[in-house]
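What follows is a short report on a single structure.
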Amino acid sequence: MNAVSSHSFSRVRAPSLRSKIMTAKEAAGLIPSGARVGMSGFTGSGHPKEVPIELARRIQETHAHGNPFKISVWTGASTAPELDGALAKANAMEMRLPYQSDPVCRRRINAGEMEYTDIHLSHVAQYAQFGFLGKLDFAVIEVAGIREDGALIPSSSVGNNEAWLEMAEHIILEVNSWQSPALEGMHDIYAYTDRPPHRRPIPLLTAGDRIGEPYFRCDPNKIVAVVETHAADRNTEFTPPDAVSQAIAEHILDFFDCEVRHGRMPKNLLPLQSGVGNIANAVMAGLEKGSYEGMTAYTEVLQDGMLHLLRSGKLTMASATALSLSDHAMKEFLADVDFYRERIVLRPQDVSNHPEIIRRLGIIAMNGMIEADIYGNVNSTHIAGTSIMNGIGGSGDFARNAYTSIFMTPSTRKNGAISCIVPMVTHVDHTEHDVQVIVTEQGMADLRGLSPKARARVIIDNCAHPDWQPALNEYLDLAMRLSPGRHTPHLMEEAFSFLPKWKAAGARRVSGDEPV
């Protein structure tokens, strides 16, 4: 039975589509083995809730009978257990892109059981539209409703949905009545599908500009199924900032104060971009208590901290591609959605993450990392060089093009057994050329305009944990004496000498299958 078959009110208001209403099981039965499937969803919001579960069950049953069945899955970013988790447990995905954070999905990727393509989020839609990724067979997209004229009301994330609807040969819609009807009007769907050399500038001049329309449009003849659901997003709970997160936030806020005093930022700062996590929310909490007024945000994901800044009036406008709120914050949002609809714009991710817009607006980019080396290269995706954690997400889109690019992390992990400041990162996602500021709870390193050796001293002195500074300084001193080249002194046989120490220390402290 359909999840909302007992509801007297249907959000499928287009008469021509009512005949296509069916159960999630029936809709999942339309997707064949080998299909490339574009699914909605971005950081646990706006993902299809029922069709992926039914598809996973069908695939699991097929495997039980000894028959092969796998699909490729394209999304906006990470999704939720109902999508990534269900399909990964069923060993249903042959390939996944562009970003994931599900533990079962991660385990299969690192075991070599699933192919994974990690892509800058701003590149995904255009790579697909240029034909680099092959034909898209199906799109499974959650919407908040379907209007009488067939226009689709987006739900709590936009991601790559516009591209999937335009490209897919067949479309399955999940119409989720849990999503607030007051979301209508919050979105700005701007499509630019012209290919080079005929592409045009995106006419967006401020974070709050609206340049598209509030709805998705697609060919109704491609819609093969409509599934009515009533299920909540998978909201992320954030713990209160601990002492480390609070210290990192305070260093960043001090940096902002210094930039304003020296005339390098205006008094209301520049548009903020913030990655996901407790440190990011701690920075937002600090801004809420601070003196800055009239701030704006141009980011990927709107979290609790930005919602509170909007409520306080410190933040006047926030542009994103998805909501990623805790249960408490989501209740606050839904209780006053009319207020937030005037102050939040949700866009396709190839607009929210577009490099030219990021550079032109002058974004302050703040993103997390796994480790940084003494010369400013950053690893944000891999453990010990070979095991993927989540993916690069949109951090590269913002870091390379931001007015100010900030990366932040605790100075150590595993109770001090692992230093997050190392001689050489084991995997490079953001080169030294894209990293301007590194922050840990120990302090802040402003790398702008510094040579490699000067960067190394500043990073070790300001960001490394005191327990690890002697080893880092010993390595740098040795490299400066013995390195064949003295511009970026390295001793390759010594550069990863920290790694065996990490593994040994981590093995004593980590149980289970947690990567070390």
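Numbers for the structure displayed
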read-out	value
Top-ranked residue of segment 351-385 - restricted to ones that are part of a helix (DSSP H, G or I) and out of contact with any Pro (no Cβ under 6 Å at 6 or more places or on another chain), ranked as most open to solvent (accessible area, probe 1.4 Å)	ARG359
From the options LEU55, LEU30, LEU97, LEU17, residue that is open to solvent by 60 Å² or more (accessible area, probe 1.4 Å) and not polar (S, T, N, Q)	LEU30
Residue check, HIS262 closer than 30 Å to GLY150 by Cα, open to solvent by 50 Å² or more (accessible area, probe 1.4 Å) and out of contact with any helix residue (DSSP H, G or I) (no Cβ under 6 Å at 6 or more places or on another chain)	no
Candidates GLU148, GLU184, filtered to the one that is of a type in the set (D, E, K, R), touching a Lys or Arg at 6+ places or on another chain (Cβ under 9 Å) and closer than 20 Å to PHE42 by Cα	GLU184
Criterion (in contact (Cβ under 8 Å) with a residue 12 or more places away in the chain, buried (at least 21 other Cβ atoms within 10 Å of the Cβ), in contact with a His (Cβ under 7 Å, 6 or more places away or on another chain) and not charged (D, E, K, R)) met by exactly one of LEU121, LEU83	LEU83
Considering residues of segment 90-115 that are assigned to a strand (DSSP E or B) and out of contact with any Ser or Thr (no Cβ under 6 Å at 6 or more places or on another chain) only, the residue farthest from LEU133 (Cα to Cα)	MET93
Set ARG455, ARG486: member being among the basic types (Lys, Arg), open to solvent by less than 70 Å² (accessible area, probe 1.4 Å) and modelled with pLDDT of 90 or more	ARG455
Failed condition for GLY294, given (1) at pLDDT below 95; (2) over 20 Å from the mean Cα position of the chain (by Cα); (3) among the small types (Gly, Ala, Ser)	(1)
Filtered residue count, segment 221-252, keeping only those that are more than 30 Å from CYS420 (Cβ to Cβ), open to solvent by 70 Å² or more (accessible area, probe 1.4 Å) and touching a residue at least 24 places away in the same chain (Cβ under 8 Å)	1
Residues (of a type in the set (D, E, K, R), touching an Asp or Glu at 6+ places or on another chain (Cβ under 7 Å) and at pLDDT 95 or above) located in segment 197-221	ARG210
Selected residue (criterion: nearest to ALA320 (Cα to Cα)) from residues of segment 164-204 that are charged (D, E, K, R) and open to solvent by less than 10 Å² (accessible area, probe 1.4 Å)	ASP188
Filter result for LEU310 (closer than 14 Å to MET284 by Cα, surrounded by 18 or more Cβ atoms within 10 Å (Cβ to Cβ) and not aromatic (Phe, Trp, Tyr))	yes
Check on LEU87, within 15 Å of ASP102 (Cα to Cα) and part of a helix (DSSP H, G or I)	yes
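The values are calculated or read from the model by the stated rules, or taken from the named source; none is laboratory data. Here the structure is a predicted model, which means the values were calculated and not measured. FYI the Cβ positions are ideal-geometry reconstructions off the backbone, even for glycines, and counts take in every protein chain you see. The accessibility values were calculated without ligands, DNA or RNA, using every heavy atom of the protein model including side chains. Shrake-Rupley method; radii C 1.70, N 1.55, O 1.52, S 1.80 Å.
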